[in-house]
Structures are given as structure tokens and as C-alpha cells.
Amino acid sequence: MRIRMGRSGLVLAAAICVVLAGSATAWAVSWDNVKPVVDSGQSTSGLQKLVWTPTNLAPVDDAFAAGTLSADGSPGLAQVYSHTDQQMYYKSATQCSAAKPAISAADAKYTLAAWCFGGNDETSNAWLPQAVTSSQDAEQYSGYSAGGDEVVGVWRQEANATDRGRCTSVPDDPDRSVNLRATFIQRPYTDGTHSAYRHVLLVAPTTNGNVIAPICDVHGGGAVWYGPYLFVSWHGAGFKVFDTRRTYKIPYDTTCGAGGAAPGVNDIGVVGGRVCAAGNRYVMVQVGQFATSPSGCSTTPTSLNAGLCFSGISLQWSDNSIVSSEYRNTTDMTASGVPVRIVNWPTADLVNRITTGSATPVTASTLATTNFEGVQGVMERPNATSGRPEFFLSRTVPGNDSSQLWYEHDGDGVCPAPGVFVDNAEQMSYWVDSDGNGHLWTFTEYANRRMLVRVYTNEYNNPPSGCPTQ
């Protein structure tokens with residue numbers, strides 16, 4: 001999640017002056033001698049709740065019955081796994097030579113594994129990776145088998161004059177989005193093998209005769225695969241929810257354009273009597289959404305209980321909760337009346353609403369606050385000894401491409417510990433290897449420096465000798 005807004009030295013200097021003057025509303029900590037903090041255990045009383053609204057799936061069901069949507073076998077992910085069409089490369093491969101500078105600082109200091117993409121997925125910013133989750137997240141849902149050892153990335157498509165044909169309400173702005181896709185990657189090995197992947201377009205059913213429509217104006221800064229459901233953060237409101245069991249094949253994927261031609265970027269929905277997905281062979285269908293009640297998202301909130309935004313999400317395994325976090329830049333932090341919120345939402349209640357259709361609001365289970373700015377993602381877990389929360393926070397450094405990964409053991413009396421991280425790091429996801437070691441996955445965002453990255457959590461959790469600065 002990155003909304004590219006001005007971060008000039010003048011703005012930062014102004015923010016510093018406000019802090020030094022004793023402003024009670026300045027929460028950023030991007031200057032010296034200000035202690036970075038994460039405080040859990042805040043009251044959730046009065047905090048906005050989440051309300052489920054299901055999607056009308058009849059158009060998709062009718063299209064599948066009529067054969068205008070189909071499947072290789074049955075709808076679901078097995079057909080995606082068996083028809084991968086692209087390959088990732090390990091950091092030592094020649095294909096990754098251009099991208100490696102994005103990880104070089106962290107690679108020199110820590111045990112880091114990383115893979116780059118090939119072709120346009122590496123060299124173009126038309127699509128930007130925003131979020132990562134995995135089959136290990138999915139299998140925290142009791143009794144669920146993901147059917148493969150997968151890492152999943154969610155990408156957004158930048159809005160521009162040529163690709164807004166089915167998202168006409170979205171302005172021509174690269175910080176806005178006109179499509180989302182999920183990339184299913186065979187969990188890659190460090191020897192460069194087992195890393196084939198395929199993109200799946202995320203779509204919404206529509207009752208206007210087009211069967212499916214793109215996901216318009218959703219940044220997709222966080223994703224959690226939990227059981228059969230893929231939750232994608234919806235910055236201004238909550239989560240969009242997709243069902244992996246509703247992954248369909250486009251029968252004429254390469255010839256569904258006008259007159260049977262190759263489809264264009266705006267050919268999503270019915271084109272000349274055929275369902276099309278802009279050349280994608282597979283689509284995954286949205287089954288509903290969770291939206292805040294009362295509604296409202298603000299990057300400069302004045303109340304701890306209102307204006308909640310959903311920039312990134314991750315899964316906390318210990319209690320199976322979805323953890324949402326907020327991104328704010330320097331200007332936002334200085335103007336905000338309250339700190340950044342980190343909120344846990346119980347998956348048991350979320351799944352209950354999906355399966356029953358209940359509109360009973362979902363209440364957050366825990367709330368933490370922090371004065372970190374530029375938060376891209378948060379991974380939370382209980383400390384094995386104390387039981388108190390541990391937080392890993394990925395943040396963008398204002399004014400340049402670098403990122404930091406910070407660790408905080410809440411309530412231990414020690415300041416958060418900073419670690420060198422990869423450039424332009426995005427949201428994170430937890431992973432445990434066969435030896436029981438904890439890892440974090442993330443993406444570096446931009447073209448020609450784009451990599452899927454994995455780091456050890458135990459290399460980033462050394463307490464600092466004194467209160468560090470950012």
C-alpha cells in the first residue's frame with residue numbers, strides 16, 4: 001500500500017517544528033529523539049464495526065450452467081495449479097541482476113531469500129504487487145487443505161486513459177486502480193526451482209448482462225487467504241471477499257475480443273456474446289464485502305473510534321484474527337488527532353457472517369496504537385515466553401525508496417528494534433519452515449526492482465541498546 005503524495009523536506013521540517021513546539025496532534029516519529037511506540041490493549045469500545053453484504057452470484061451461476069464460464073474439471077484452484085504459465089527466478093540468476101539492488105542492503109546483513117519475475121511482470125508498472133499471503137495462512141482454517149504449497153500475491157492495475165473502459169468512475173491517476181489480480185506461485189525454493197505461477201483476475205458478478213466486472217478503485221494493500229476465502233483490504237471501508245472455489249475458466253480467453261480477436265485491456269465482461277477477462281484464462285469471483293459501520297475512513301482522524309482505514313491486512317495465527325493496519329504519510333501523521341490503529345478482527349465471526357449471510361456487525365477483538373508513519377504491513381503474534389503481543393512493522397521511509405522492518409515486544413520496557421529491510425517493501429505474511437523457523441514474506445513494489453522476499457523473524461528481533469530513532 002503506497003499512496004504517493006508529497007513528502008518534501010519543507011513538509012518534514014514543518015512537521016518537526018510542530019513536534020518541537022509540543023503539538024498534541026503530531027504522531028510521526030521520523031526525526032531524532034522521539035520514541036517509537038506500539039501500545040496494545042486499547043479499548044475497542046465504540047470502535048467502528050464490520051457489516052457483511054453478500055454478492056448476487058446468480059449471473060455467474062447462470063453463465064457457468066450455460067457454458068459461457070467453464071472450468072478445467074471443477075471450479076477451484078486445482079485448474080490454476082495445473083496450468084501455470086510463467087516462472088520466477090532466484091536472486092542469483094542472471095534474470096535478477098537488475099532487481100537485486102532493491103534487496104542488497106538487507107541481503108548483506110541478513111539471511112534473505114528472494115526471487116524476481118520475468119517479462120512484463122518484472123519490467124512494467126502497469127501492475128504493481130501490493131500484498132502477500134500463502135497456503136499456510138489458508139490452512140490455519142481448521143480442516144482446510146489448500147491443495148498446494150503456494151505463495152499468493154495480490155496486484156493492482158494503475159488507472160490510466162487506456163485501461164479505464166470498465167471503470168469509468170475512476171480518474172486517470174496512477175495512484176488509483178482499475179483491476180485486481182491474484183498470483184498463485186508454487187512456493188519457490190532457494191535453488192531456483194518450484195516457482196511456476198499464474199495470474200487470476202479478481203472480478204465481481206454484475207447483473208447488467210456482462211456477467212463479471214473488474215474490481216474498480218480498490219488498492220488491495222493487504223490480503224489474507226483463510227480457508228476457501230481470499231480477503232483483500234478495501235482501504236476506505238474494510239474487506240472484499242473472494243471464494244477460491246469460485247475460480248472459473250474463460251472458455252475463449254485469447255479470442256474473446258471484438259469479432260473473435262485477441263481481447264484488449266478493457267474487454268472484461270461480455271464482448272460479442274462471449275465472457276472475457278482481458279486475456280486472463282481464469283477469474284475468481286467476489287462473494288461479498290465487509291464494510292465499516294458507521295462508515296468513513298480518514299487519514300487524519302480526530303477520534304480513536306472513527307475514520308478507520310484498511311491499508312494492509314495479515315493473519316495472526318494464534319487466535320485466527322485478521323489484523324488490519326493504517327498507512328499515513330508525514331503530513332497525515334502531523335495533522336492526525338490520534339495515532340495509527342492496528343485492529344484484530346476474529347475470523348470465526350467473519351466466516352460466520354459469510355456462511356450464514358447474517359448482517360450482525362462484527363466487533364474487533366483487540367486494538368493497538370502506534371506512532372509509526374508509512375506503515376505498509378504489520379505481522380502480529382504472541383511472544384512465546386510472556387504471551388504479550390509481538391509486532392513486526394514494515395514501513396516506508398519518507399523521501400526515498402528504502403524501507404525498514406521494526407520489531408516490538410509490547411510491554412517489555414524496551415524500545416522497538418529497527419532492521420535493514422528491502423526497498424519499497426509492501427505488506428507482509430507469516431510463514432514457518434520445516435525446521436520450525438518463522439519467516440516473513442513481502443514484495444518489493446516497483447518495476448526492474450521487483451522481487452518476492454523471505455526473511456527470518458529471529459534476525460530482526462534483537463532489542464536495541466538504547467531508544468533508536470528513525
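The values are calculated or read from the model by the stated rules, or taken from the named source; none is laboratory data. Since the structure is predicted, the reported quantities are computational estimates derived from the model, not experimental observations. Cβ placement follows ideal geometry from the backbone for every residue including glycine, while neighbour counts extend to all protein chains displayed. Just so you know, the surface numbers come from the protein's heavy atoms only, side chains and all, with ligands and any DNA or RNA stripped out. Shrake-Rupley method; radii C 1.70, N 1.55, O 1.52, S 1.80 Å.
If R0 is 25 Å, what FRET efficiency do you get for A384 and A78 from their C-beta distance, rounded to 0.05?
On the way: r = 36 Å, r/R0 = 1.45.
That gives a FRET efficiency of 0.10.
Relative to the longest principal axis of the chain, what angle (0 to 90°, nearest 10) does the C-alpha long axis of helix 9-20 take?
50 degrees
Using the heavy atoms of the protein chains alone and a 1.4 angstrom probe, what is the accessible area of the chain per residue in square angstrom?
Values: 16500 Å² over 470 residues.
Accessible area per residue: 35 Å².
Would you mind working out the magnitude of the charge dipole of the chain relative to its Cα centre, with +1 at each Lys and Arg C-beta and -1 at each Asp and Glu C-beta, to the nearest 20 Debye? Present the calculation step by step, with values, prior to reporting the outcome.
Numbers: 30 positive and 40 negative charges, 116 e Å.
It works out to roughly 560 debye.
Can you list the residues of region 122-152 with backbone N under 19 Å from a point 7 Å past the Cα of A98, pointing along Cα to Cβ?
Those under the cut-off are 122-129.
Per-residue ellipticity at 222 nm for the chain, helices alone: DSSP H runs ≥ 4 residues times -39500 (n - 2.57), over residue total, nearest 500 deg cm²/dmol?
On the way: 8 runs with 55 residues, N = 470.
After summing the helix terms and dividing by the residues of the chain, the value is -3000 deg cm²/dmol.
For Cα extents along the principal axes in Å, pick the label among (i) 66, 51, 46; (ii) 80, 53, 46; (iii) 66, 61, 47 that corresponds to the value derived from the coordinates.
(i)
List the residues, sorted by chain then number, that are 5 or more residues from N424 or on another chain and whose placed amide H is less than 5 Å from its amide H.
Under 5 Å from the amide H of N424: S402, S403.
On C-alpha positions alone, give me the angle between the axis of helix 347-356 and the longest principal axis of the chain, in degrees, nearest 10.
The angle comes out near 30 degrees.
Between the DSSP loop rule and a limit of at most 10 other Cβ atoms within 10 Å, which trypsin sites (Lys or Arg not before Pro) in region 371-470 are left? Can you show the working numbers first?
Numbers: sites: R395, R449, R450, R454; in loops: R449, R450.
Answer by residue number: there is no such site.
Give the residue from A99, T133, Y248 lying farthest towards the positive end of the charge dipole for the chain; charges sit on Cβ (+1 for Lys and Arg, -1 for Asp and Glu) and the dipole is referred to the Cα centre.
Selected residue: Y248.
Over region 225-314, what percent of the accessible surface lies on carbon and sulfur atoms, probe 1.4 Å?
Carbon plus sulfur share of accessible area: 49 percent.
Rounded to whole Hz and in sequence order, give me ³J(HN,Hα) for region 261-268 from the Karplus expression 6.51 cos²θ - 1.76 cosθ + 1.60, θ = phi - 60°, writing x for Gly and Pro.
Along region 261-268, the couplings run 7, 4, x, x, 5, 9, 7, 10 Hz.
At 0.36 nm per residue, and after removing the present C-alpha to C-alpha distance, how many nm does the segment from E139 to T302 gain when stretched out fully? Numbers along the way, then the final one.
Numbers: separation 163, 0.36 × 163 = 58.68 nm, distance 3.83 nm.
Extending this stretch completely gives an extra 54.8 nm.
State the percentage of accessible surface on region 338-470 attributable to carbon and sulfur atoms; use a 1.4 Å probe and exclude ligands, DNA and RNA. Spell out each step's value before the answer.
Numbers: 1910 of 4110 Å².
The C+S portion of the solvent-accessible surface of region 338-470 is 46 percent.
With all protein chains present, how much of the accessible area of region 33-119 (probe radius 1.4 Å) comes from carbon and sulfur, to the nearest whole percent? Don't skip to the answer; put the middle values down first.
Numbers: 2030 of 4050 Å².
Carbon and sulfur: 50 percent of the exposed surface of region 33-119.
In Å, the Kirkwood hydrodynamic radius of region 128-213 over pairs of distinct alpha carbons?
So the Kirkwood estimate lands at 15.0 Å.
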